[in-house]
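Participant: First the structure, then my questions, so here it is.
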């Protein structure tokens, strides 16, 4: 299985003027699943949670059954409405894209990410960075586990950043060197069912947005995968919505798409 190395990627949000910039992408094999960390006693009887445990909630142990994922990534904030459609075949690391370029012209392309250097400039500089960004929105709980450069710590029960309630804070921090925005941190607020309820992104550098707070809601099952398809909140005080549509999965041994529901 081919995964995306987070230490050399975009920093999680492409929203027109709200850009988290990308750099070159590479691939590596994640280690085989291991037994979850045994629950440890603590205040309020809340067991620590690891990135691996979180990823397992979203279908990590069955990810090798996934032959292809189809989805459309949508972003809405004042004055901007973006949609990009993808098919990702993770075992081949083949990407198919349909959408528009930065000038609004239609683009349709299929390429192997292992041969990215042979692709036209628009694929290398625009399409592939957008793919990595959108794929992280789709599958961040997996990437938080796959990306061994990141440090993940359970910080206990904290108040939710949006609205009332509380969640178990799992902080995912990337190194202070490397990438365009080193030192980025993603705070994941996890509920009792081990699902992310909200997320806060803290940029490590001076570029904008510096702070993004969104919900994780509208959960759906797509084959063996659990996906949050709607994120609502704000980016540096501006209302933002990121949502996934047309979500479906093909699994090993079948040519049929399994629509999310």
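The values are calculated or read from the model by the stated rules, or taken from the named source; none is laboratory data. These numbers were taken from a predicted model, which means no experiment stands behind them. Cβ coordinates were reconstructed from backbone atoms using ideal geometry, including for glycine residues, and neighbour counts include every protein chain displayed.
To keep it simple, each residue is scored yes or no on (1) exposed (fewer than 15 other Cβ atoms within 10 Å of the Cβ); (2) part of a strand (DSSP E or B); (3) touching a helix residue (DSSP H, G or I) at 6+ places or on another chain (Cβ under 7 Å).
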{"site": "177", "(1), (2), (3)": "yes, no, no"}
{"site": "189", "(1), (2), (3)": "no, yes, no"}
{"site": "200", "(1), (2), (3)": "no, yes, no"}
{"site": "207", "(1), (2), (3)": "yes, no, no"}
{"site": "214", "(1), (2), (3)": "no, yes, no"}
{"site": "218", "(1), (2), (3)": "yes, yes, no"}
{"site": "230", "(1), (2), (3)": "no, yes, no"}
{"site": "233", "(1), (2), (3)": "no, yes, no"}
{"site": "239", "(1), (2), (3)": "yes, yes, no"}
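Participant: Here's another thing I want to ask about it. Give the range 86-98 a look and list any residue that's within 16 Å of residue 139 (Cβ to Cβ) and in contact (Cβ under 8 Å) with a residue 40 or more places away in the chain, or say none.
Facilitator: The answer is 86, 88, 90, 91, 93.
Each row is one residue, and each column tells you yes or no for (1) more than 17 Å from the chain's Cα centre (by Cα); (2) surrounded by 14 or more Cβ atoms within 10 Å (Cβ to Cβ); (3) on the phi > 0 side of the Ramachandran plot.
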residue	(1), (2), (3)
52	no, yes, no
74	no, yes, no
85	no, yes, no
101	yes, no, no
119	yes, yes, no
122	yes, yes, no
127	no, yes, no
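Participant: Any residue that is under 17 Å from the mean Cα position of the chain (by Cα), surrounded by 17 or more Cβ atoms within 10 Å (Cβ to Cβ), closer than 27 Å to residue 86 by Cα and modelled with pLDDT of 95 or more - is there at least one of those in the range 148-169?
Facilitator: no
Participant: Name the one entry in 189, 201 that is touching a residue at least 40 places away in the same chain (Cβ under 8 Å) and closer than 26 Å to residue 152 by Cα.
Facilitator: Of 189, 201, the one residue that is touching a residue at least 40 places away in the same chain (Cβ under 8 Å) and closer than 26 Å to residue 152 by Cα is 201.
Participant: Here is a further query. What do you reckon, is residue 166 farther than 17 Å from residue 135 by Cβ and without any contact (Cβ under 8 Å) to a residue 60 or more places away in the chain? Lay out the reasoning, then the answer.
Facilitator: On the way: farther than 17 Å from residue 135 by Cβ: yes; without any contact (Cβ under 8 Å) to a residue 60 or more places away in the chain: yes.
When the stated conditions are applied, residue 166 passes them.
Participant: Look through the range 241-256, keep the residues that are in a strand (DSSP E or B) and either in contact with a helix residue (DSSP H, G or I) (Cβ under 7 Å, 6 or more places away or on another chain) or free of Cβ contacts under 8 Å to residues at least 40 places away in the same chain (or both), and return whichever of them is surrounded by the fewest Cβ atoms within 10 Å (Cβ to Cβ).
Facilitator: 251
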